[in-house]
Number of protein chains: 2
Amino acid sequence: MRVDAVRNRERILEAAEAVFSVEGVSAPIDRVAERAEIGVGTVYRHFPTKEDLFEAIVMTRLEGLLALAQSEASAESPGTALFSYLQEFSRQASAKHDLFDAMGAAGIEFKARCAEKIGEMKERLGLLLTRAQDSGVVRPDTSVDELIGLVIGTSQAAVQAGLDENARQRMVGIVCNGIRVPDTTEP
Amino acid sequence: MRVDAVRNRERILEAAEAVFSVEGVSAPIDRVAERAEIGVGTVYRHFPTKEDLFEAIVMTRLEGLLALAQSEASAESPGTALFSYLQEFSRQASAKHDLFDAMGAAGIEFKARCAEKIGEMKERLGLLLTRAQDSGVVRPDTSVDELIGLVIGTSQAAVQAGLDENARQRMVGIVCNGIRVPDTTEP
């Protein structure tokens, strides 16, 4: 892709995320073009259907989370790195909830690619968890499956109960606190 | 109701819970009658439809949870009382998940009665929480809505991820640990 095409794509995705999160997933593509200040024809050239747009948003976010997990894996304070990663993971999980729902009927190919990324994420989250456990900050009896369940479940429950962003953050904070070994501090 | 009718009703409900949890909500009424060792006609007299049976199971459990909250409200150790209540609450929420799903199309009347009980439960759980906070065992910044979200979300996530009963218990234990004030002990 040419540089300006790449830039356009990014602008469209950014605008689409903002539009869908404020106006809901039923907002028309025209609103996305308007917000991105890009002709609607260009938007359709990049994303022929709204599902393509949803898919690109979800994939971009998953890739962002994967990159974040990678960079946090060499952080100086493994406990803090894990806790801040869990907050970001939860934030994305609750913010992209509508998109995932709207993509219920999405293609098998997308689901397979998604499952692959989620598998990778679990692996990298496992790495962050192990580092935090090895450094003595997190309880050794916590498994990655249970941790994912706690964070995803909490994020979904916060959305379903109509709780706000602060409540969600506090709830994930309680989970982090719950796996922490008392009286440990990090640099 | 006559004493033996009450006893029959209880035996049917007990058998129905066991049958539905092992064989799923599609198990036929005949299996319930068989397990309860009660004639199928008697079962139908008590519960004309399977939905009546689901409803009675859910309501009985909700009432059980309400009674438990009431008795725990005068327990000597408010922290321990809250934590053991949350475990039981979560156990019921995950065990009765299928029934709630199967009752998706249930009558408005039932839903209203259910909502009423759930409102009562929230009130009583709030009381247990306040007592535990007043005694200094639980963090004062935890709200009852967030606590319910944490426990229900965790229970649902455990079911969805196919985690077992031990994992669910550990996950709720993490939530309890997360709201606990460090270095407090109770009689």
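In table form, for the structure just shown:
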item	result
FRET efficiency for A:GLU109 and B:ARG91, using Cβ-Cβ distance with R0 set to 41 Å, rounded to 0.05	0.55
FRET efficiency, 1/(1 + (r/R0)^6) with R0 51 Å, evaluated for B:THR185 and B:ARG2 via beta carbons	0.55
Rounded FRET efficiency, nearest 0.05, which uses the C-beta distance separating B:GLU165 from A:LYS117 and R0 of 41 Å	0.85
Angstrom value of the Kirkwood radius, inverse mean 1/r, which spans all Cα pairs in chain B	18.0
Kirkwood-Stokes translational diffusion coefficient of the stretch A:1-79, alpha-carbon pairs, 37 °C, 0.692 mPa s, µm²/s	239
Cβ-based net charge around B:GLY149, under 12 Å, with every Lys or Arg adding one and every Asp or Glu removing one	0
Positive minus negative residues near A:SER74 (Lys, Arg vs Asp, Glu; Cβ under 15 Å)	-2
Extended-chain gain in nm, criterion 0.36 nm per residue less alpha-carbon gap, A:THR130 and A:THR42	27.1 nm
Too-long pairs where the Cα-Cα distance tops 28 Å, listed order kept, from B:LYS50/B:LYS117; B:LYS50/B:LYS111; A:LYS117/B:LYS111; A:LYS122/B:LYS111	A:LYS117/B:LYS111; A:LYS122/B:LYS111
Partner chain coverage, peptide A:175-183 - average Cβ within 10 angstrom	5
Protein-only accessible surface order, largest first, of A:GLU10, B:GLU23, B:GLU123 at 1.4 Å	B:GLU123, A:GLU10, B:GLU23
For q = 0.06, 0.09 Å⁻¹, Debye-computed log10 I/I(0) when each Cα of the protein assembly as shown counts as one equal scatterer	-0.30, -0.65
Solvent-accessible area of B:VAL40 with every protein chain in place, 1.4 Å probe, in Å² to the nearest 10	60
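The values are calculated or read from the model by the stated rules, or taken from the named source; none is laboratory data. Here the structure is a predicted model, which is why all the values come from computation and not from measurement. Cβ: placed from backbone, ideal geometry, glycine included. Neighbour counts: every protein chain shown. Heads up: the accessible areas ignore ligands, DNA and RNA and are worked out on the full protein's heavy atoms, side chains in. Shrake-Rupley method; radii C 1.70, N 1.55, O 1.52, S 1.80 Å.
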